[in-house]
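The values are calculated or read from the model by the stated rules, or taken from the named source; none is laboratory data. The structure displayed is predicted, hence computed values, not measured ones. As a convention, Cβ positions derive from the backbone with ideal geometry for all residues, glycine included, and neighbour counts pool all protein chains shown. Side chains included, ligands, DNA and RNA excluded: accessible areas come from the protein's heavy atoms. Shrake-Rupley method; radii C 1.70, N 1.55, O 1.52, S 1.80 Å.
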Amino acid sequence: MTTTTDPALAGRPTAQAVLRRLFEEGFGGGDDSVVDELFALTLTEHQFGLAGSGAEAIRNVKAAIRNVHEIVPDMSCTIEDSAEVGDAIWTRVRARGTATGPFFGPPSGRPIDITVIDVCRVVDGRIVEHWGVPDRFALLAQTGVLDRLAP
């Protein structure tokens, strides 16, 4: 775990370390319990389909991790770029795997490779606010959902 060098913040993970754990252990590894360690109980979640605050937001993020792993059990996530300003961190994540679970129909078995843009506010080592923008159109195309909708 990466920690800050400021003595007042000693032992607290950096924003980068928090996001790395979220993507590697949570979305990449399917462990929704990591949410309890990484998110503040007062979380404000802005992502479409997950929006909420407090306990509702926490439940929604955990459900999203479980849902991703039903669709793509071998999901791997890599932070490819990030930038921090104050308590905000922006990340560009590459998510890859195989669609072996159901997604708007039967499993396609197709490979997926999408980009996710996340913006978080991290205070005292916990995510207090989150905006997520996964490339859902690419996911629909790569899993074959769009093929099934075409005439």
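Here are the numbers for this structure:
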item: Selection within region 38-56 - assigned to a helix (DSSP H, G or I) and under 15 Å from residue 122 (Cβ atoms); result: 38
item: Residue match in region 59-75 (condition: at pLDDT 95 or above and more than 20 Å from residue 135 (Cα to Cα)); result: yes
item: Condition met for residue 63 (of a type in the set (A, V, I, L, M, F, W, C), surrounded by fewer than 18 Cβ atoms within 10 Å (Cβ to Cβ) and part of a helix (DSSP H, G or I)); result: yes
item: Residue match in region 108-123 (condition: more than 18 Å from the chain's Cα centre (by Cα) and of a type in the set (Asp, Glu)); result: no
item: Tabulated pairs, region 123-136, first without any contact (Cβ under 8 Å) to a residue 24 or more places away in the chain, second open to solvent by 10 Å² or more (accessible area, probe 1.4 Å), C-beta under 6 angstrom, 6+ apart or interchain; result: 135/114; 135/115
item: In region 105-145, the residues that are exposed (fewer than 14 other Cβ atoms within 10 Å of the Cβ) and farther than 23 Å from residue 78 by Cα; result: 105, 106, 124
item: Leading residue by the ranking (most open to solvent (accessible area, probe 1.4 Å)) among those in region 25-60 that are touching a helix residue (DSSP H, G or I) at 6+ places or on another chain (Cβ under 7 Å) and of a type in the set (Phe, Trp, Tyr); result: 27
item: Restricting region 66-87 to residues that are free of Cβ contacts under 8 Å to residues at least 40 places away in the same chain and either of a type in the set (Phe, Trp, Tyr) or part of a strand (DSSP E or B) (or both), the residue that is nearest to residue 111 (Cα to Cα); result: 80
